[in-house]
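The values are calculated or read from the model by the stated rules, or taken from the named source; none is laboratory data. Bear in mind that the values here come from a model prediction, so they are computed numbers and not experimental data. Note that each Cβ is placed from the backbone with ideal geometry, even for glycine, and that neighbours are counted across all protein chains shown.
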Amino acid sequence: MMIKPIKLVLVVFLGVIIILNGVECRKARSLESFEYSAISCRGHSASILDYGGVGDGKTLNTKAFQTAVNHLSQYASDGGAQLFVPAGKWLAGTFNLTSHFTLYLQKDAILLASQDINSWPVVDPLPSYGHGRDAAGGRYISLIFGTNLTDVVITGENATIDGQGGLWWQQFHKKKLKYTRPYLIEIMHSDNIQISNLTLVNSPSWNVHPVYSSNIIIQGITILAPVTSPNTDGINPDSCTNTRIEDTYIVSGDDCIAIKSGWDEYGISYGMPTKQLIIRRLTCISPYSAAIALGSEMSGGIQDVRAEDITAIQTESGVRIKTAVGRGGYVKDIYVKGMNLHTMKWVFWMTGNYGSHADSHYDPNALPEIKGINYRDVVAENVTMAGRLEGISGDPFTGICISNVTIGMAKKAKKYPWACADVEGVAGGVVPTPCELLPDQGEEKLGMCDFPSDSLAIDSVALQKCSYGMKYF
Ligand SMILES: *[C@@H]1O[C@H](CO)[C@@H](O)[C@H](O)[C@H]1NC(C)=O
Ligand SMILES: *[C@@H]1O[C@H](CO)[C@@H](O)[C@H](O)[C@H]1NC(C)=O
Ligand SMILES: *[C@@H]1O[C@H](CO)[C@@H](O)[C@H](O)[C@H]1NC(C)=O
Ligand SMILES: *[C@@H]1O[C@H](CO)[C@@H](O)[C@H](O)[C@H]1NC(C)=O
Ligand SMILES: *[C@@H]1O[C@H](CO)[C@@H](O)[C@H](O)[C@H]1NC(C)=O
Ligand SMILES: *[C@@H]1O[C@H](CO)[C@@H](O)[C@H](O)[C@H]1NC(C)=O
């Protein structure tokens with residue numbers, strides 16, 4: 001007699017589950033369920049489809065993106081929000097991000113930058129540069145832009161952001177641009193940033209530009225642009241503190257990673273250095289530029305850069321320091337360990353006369369200080385010249401250390417593998433024998449150049465597993 005009511009309850013209960021399942025499954029099918037890693041997970045979710053987005057490659061979605069971000073910004077103090085962009089071709093102009101926000105591009109999503117140049121808003125030049133880079137005045141705002149934010153994630157399943165830069169490159173070559181070209185991603189005055197697992201192609205100019213920001217993780221990024229495209233730098237940390245760039249693959253028309261901190265008198269007066277920067281597992285192809293460049297805009301200073309496991313193929317130079325009289329600032333405590341290089345013009349390159357001034361008002365007495373530059377554990381093949389180290393007369397670059405380096409010269413190598421002027425330092429176990437300004441202490445000093453063993457704060461930032469999926473009750 002007791003069994004019957006229980007059975008009834010069970011049947012009703014199962015019925016409810018089946019009905020709810022039916023509803024939830026239909027809803028879930030459009031978003032699916034998946035996991036990803038991020039500095040923080042979000043309490044609220046939406047799809048660009050909820051805001052009228054159309055992924056047909058033709059419909060302009062600028063408004064859908066901006067409406068979505070503006071709407072989701074209400075959850076900033078309530079667990080944050082994530083915006084999903086499903087597979088499709090999403091044509092869009094520039095839009096701004098918000099705090100406690102994740103932009104997630106699902107597999108096979110392609111964000112296509114609008115080619116209507118006149119529709120790109122123009123913003124002021126960066127205060128630490130005083131001028132735009134392509135033209136003196138303003139700059140076209142970046143495709144994905146954020147300023148004065150905290151806790152922002154831009155990630156995906158290796159989905160693509162396509163800058164469709166061809167038109168911009170053409171306008172640049174024809175000198176027809178009124179303003180400086182846009183970047184693909186620029187994050188300014190912000191803290192706690194993650195940019196990961198995306199493929200960026202054909203940027204109009206630089207690809208990723210964190211500036212005046214801190215606590216930044218950039219991971220698993222592929223950057224592709226024709227090697228002849230103008231100024232398509234890969235990743236440019238600029239006046240940033242505590243940055244970690246890992247597992248990136250970059251083919252571009254300019255430096256794969258360019259570390260910066262402002263230009264001449266504008267950078268000196270802004271006074272914001274780039275420091276505590278880690279670069280690991282970078283692969284670079286850039287026949288006309290460097291795998292890692294420091295400068296040429298370094299007037300706010302660059303200090304404590306740690307680069308490890310760098311591979312470069314058909315790249316002009318491995319690490320290059322670029323500066324000039326009038327820059328002021330400093331480049332110091334630079335550590336590079338483990339480079340594997342194939343087909344290079346110069347493995348090591350330092351240039352004290354780079355020129356390229358913001359304007360004629362730079363201070364000719366503002367000399368850069370280049371000091372404490374450490375390179376170790378380098379193997380290179382097919383190299384035209386081992387090193388070209390040119391400091392500034394009366395302002396030598398000091399504390400240069402190069403150890404455990406084997407450079408195989410190309411058949412058509414220059415007669416003298418090293419050219420040094422206005423530099424001071426030491427070497428240990430370097431082949432071919434370095435110039436007299438870097439006297440070699442011999443094979444037993446292979447480990448002589450420093451690489452810090454302490455860890456930086458950005459290394460202790462752990463990524464969480466975030467999931468999105470269906471919830472039944
Ligand atoms: C990037 O993708 C890889 C492989 O799919 C995954 O293991 C990793 O957690 C992802 N990382 C981030 C930071 O999104
Ligand atoms: C995005 O931010 C920039 C700089 O703060 C601003 O000029 C622009 O109007 C913003 N765009 C939108 C659509 O809010
Ligand atoms: C953003 O932050 C910078 C630096 O703190 C500040 O100068 C600027 O006024 C802020 N901008 C906005 C729109 O809050
Ligand atoms: C991401 O996509 C790019 C371009 O399609 C490809 O070359 C790269 O191998 C992919 N990376 C991963 C981790 O799947
Ligand atoms: C010299 O560099 C190679 C890599 O090029 C590395 O395997 C080796 O451990 C280094 N030797 C010393 C003594 O640091
Ligand atoms: C060596 O470098 C030259 C360019 O300097 C290039 O033409 C040649 O193909 C390279 N050889 C190999 C074996 O990579």
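In table form, for the structure just shown:
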item	result
Residue within region 458-472 that is in the same structural domain as residue 290 (by TED's automatic domain parsing) and not in a strand (DSSP E or B) present	no
Verdict on residue 201 being more than 24 Å from residue 40 (Cβ to Cβ), in contact with a Leu (Cβ under 6 Å, 6 or more places away or on another chain) and of a type in the set (Val, Ile, Thr)	yes
Complete set of residues in region 135-149 that are closer than 26 Å to residue 228 by Cα, buried (at least 19 other Cβ atoms within 10 Å of the Cβ) and among the small types (Gly, Ala, Ser)	142
Residue list for region 249-288, restricted to those being in a loop (DSSP other than H, G, I, E, B) and under 16 Å from residue 232 (Cα atoms)	252, 253, 254, 255, 256, 286, 287, 288
Counted residues, region 399-416 - those being assigned to a strand (DSSP E or B), away from ligand 6 (no atom under 16 Å from the Cβ) and either surrounded by fewer than 18 Cβ atoms within 10 Å (Cβ to Cβ) or not β-branched (Val, Ile, Thr) (or both)	5
Strands (runs of 3 or more DSSP E) within region 19-77 that include 1 or more residues within 16 Å of ligand 1 (Cβ to nearest atom) and modelled with pLDDT of 95 or more	34-38
Check on residue 162, within 16 Å of ligand 4 (Cβ to nearest atom) and at pLDDT 95 or above	yes
Residue list for region 99-129, restricted to those being crowded, with 20+ Cβ neighbours inside 10 Å, part of a loop (DSSP other than H, G, I, E, B) and hydroxyl-bearing (Ser, Thr, Tyr)	128, 129
Some residue of region 177-186 being within 27 Å of residue 128 (Cα to Cα), within 16 Å of ligand 3 (Cβ to nearest atom), modelled with pLDDT of 95 or more and under 13 Å from the mean Cα position of the chain (by Cα)	yes
Candidate set from region 205-233 (those that are more than 16 Å from ligand 1 (Cβ to nearest atom) and of a type in the set (S, T, N, Q)); member that is nearest to the chain's Cα centre (by Cα)	207
Tabulated pairs, region 315-341, first assigned to a strand (DSSP E or B), second modelled with pLDDT under 95, C-beta under 9 angstrom, 6+ apart or interchain	322/356
Positions within region 405-428 being among the β-branched types (Val, Ile, Thr), without any contact (Cβ under 8 Å) to a residue 60 or more places away in the chain and closer than 14 Å to residue 383 by Cβ, in sequence order	405, 406
Yes/no for residue 89 being among the basic types (Lys, Arg) and out of contact with any Asp or Glu (no Cβ under 6 Å at 6 or more places or on another chain)	yes
Residues of region 285-300 that turn out to be closer than 18 Å to residue 274 by Cα and either polar (S, T, N, Q) or surrounded by fewer than 24 Cβ atoms within 10 Å (Cβ to Cβ) (or both), as a count	2
Residue identified as touching a Gly at 6+ places or on another chain (Cβ under 6 Å) and not assigned by TED's automatic domain parsing to the domain that holds residue 162 among 265, 316, 308	308
Residue match in region 417-431 (condition: part of a loop (DSSP other than H, G, I, E, B) and more than 16 Å from ligand 3 (Cβ to nearest atom))	yes
Any hit, region 344-354, residues being touching a helix residue (DSSP H, G or I) at 6+ places or on another chain (Cβ under 7 Å), touching a residue at least 24 places away in the same chain (Cβ under 8 Å) and more than 16 Å from ligand 4 (Cβ to nearest atom)	no
Matching residues in region 150-182 - criterion: being within 18 Å of residue 121 (Cβ to Cβ) and either within 16 Å of ligand 5 (Cβ to nearest atom) or surrounded by fewer than 24 Cβ atoms within 10 Å (Cβ to Cβ) (or both)	164, 167, 171, 177, 178, 179
First in region 145-168 and in contact (Cβ under 8 Å) with a residue 60 or more places away in the chain and assigned by TED's automatic domain parsing to the domain that holds residue 198, second anywhere and acidic (Asp, Glu) and more than 16 Å from ligand 6 (Cβ to nearest atom), Cβ under 7 Å, 6 or more apart	159/108
Exclusive hit being out of contact with any helix residue (DSSP H, G or I) (no Cβ under 8 Å at 6 or more places or on another chain) and away from ligand 5 (no atom under 16 Å from the Cβ), set 187, 217	187
Test: residue in region 251-266 that is closer than 19 Å to residue 369 by Cβ and acidic (Asp, Glu)	yes
Residue count for region 206-223, restricted to those that are buried (at least 21 other Cβ atoms within 10 Å of the Cβ), part of a strand (DSSP E or B) and within 16 Å of ligand 4 (Cβ to nearest atom)	4
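This table checks each residue for (1) of a type in the set (Val, Ile, Thr); (2) at pLDDT below 95.
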| position | (1), (2) |
| --- | --- |
| 388 | no, no |
| 419 | no, no |
| 440 | no, no |
| 461 | yes, no |
| 468 | no, yes |
